[in-house]
1. For the stretch 60-117, which residues satisfy the criterion of being among the basic types (Lys, Arg) and closer than 29 Å to Glu146 by Cα?
2. Which residues, counting only those in the stretch 42-84, are surrounded by 13 or more Cβ atoms within 10 Å (Cβ to Cβ), of a type in the set (S, T, N, Q) and part of a loop (DSSP other than H, G, I, E, B)?
3. Looking at this structure, is Thr55 in contact (Cβ under 8 Å) with a residue 24 or more places away in the chain, within 13 Å of the chain's Cα centre (by Cα) and over 21 Å from Asn128 (Cβ atoms)?
4. Among the residues of the stretch 6-35, write down those that are among the acidic types (Asp, Glu) and either in a helix (DSSP H, G or I) or loosely packed, with under 14 Cβ neighbours inside 10 Å (or both).
5. Within the stretch 127-149, how many residues turn out to be closer than 21 Å to Ser75 by Cβ and in a helix (DSSP H, G or I)?
6. Could you go through the stretch 105-126 and let me know if any residue there is assigned to a helix (DSSP H, G or I), open to solvent by less than 20 Å² (accessible area, probe 1.4 Å) and of a type outside the set (Asp, Glu).
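The values are calculated or read from the model by the stated rules, or taken from the named source; none is laboratory data. Note that the structure is predicted; figures quoted are calculated from it, not measured. Every residue, glycine as well, gets a Cβ built from its backbone with ideal geometry; the counts of neighbours run over all protein chains shown. Surface areas here come from the heavy atoms of the whole protein model, side chains and all, with no ligands, DNA or RNA. Shrake-Rupley method; radii C 1.70, N 1.55, O 1.52, S 1.80 Å.
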Amino acid sequence: MITIEARQSIRINRPPDEIFTYVSDLENLVDWCSVIISSRSISPGTIQAGTRVRTTVRFLGRWSETTFEIVEYKSGHYLTIKSITGIASCVFYYQFDPAEDGGTVVSQDAVVHLTEGSSDHPESVVTNAVRRQVKYDLQTLRDILESAVLGEGTESPELAL
């Protein structure tokens, strides 16, 4: 088994609650997570621990279906999601800390466990790709949220035109 760990942080010029609301809506993964091709909630009701989303993932040329579940949820503070189906066992932990200037430091810890033979690429290629992806995805999240305009009653950002 190959275990890959990646940790990244980024400062986003938005309040923690706003960022948390966007990130915790797992259907938004398709907008900012580069490996998620589609994302559809399979849990009714409000977003909370236990909420599940079914995704189509494309990583290093390989397609797979993965179901993620929110396993920890503290509104505005942290969120942990883990895969419950798919070819790789993954856990993603997000923390949202207020910055002194009114923005937020968003930290992401990712742990991915790949079974032998689940990739045609050497371990170093997979490890580097995961680490680049985590960094790139947080930068994309920042770009989306800092350019977004929230309308009244809108739960997720809409890009300003």
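1. Lys74, Lys82
2. If the condition is that a residue be surrounded by 13 or more Cβ atoms within 10 Å (Cβ to Cβ), of a type in the set (S, T, N, Q) and part of a loop (DSSP other than H, G, I, E, B), then Ser43, Thr51, Ser75 are the ones that fit.
3. Details: in contact (Cβ under 8 Å) with a residue 24 or more places away in the chain: yes; within 13 Å of the chain's Cα centre (by Cα): yes; over 21 Å from Asn128 (Cβ atoms): yes.
The answer is yes for Thr55.
4. First pass over the stretch 6-35, keeping only residues among the acidic types (Asp, Glu): 17-18, 25, 27, 31.
Asp17, Glu18, Glu27, Asp31, listed by residue number.
5. Qualifying residue count, the stretch 127-149: 5.
6. Going residue by residue through the stretch 105-126, those that are assigned to a helix (DSSP H, G or I) are 123-126.
From what is left, the residues that are open to solvent by less than 20 Å² (accessible area, probe 1.4 Å) are 126.
Next, only the ones that are of a type outside the set (Asp, Glu) stay: 126.
Looking through the stretch 105-126, at least one residue is assigned to a helix (DSSP H, G or I), open to solvent by less than 20 Å² (accessible area, probe 1.4 Å) and of a type outside the set (Asp, Glu).
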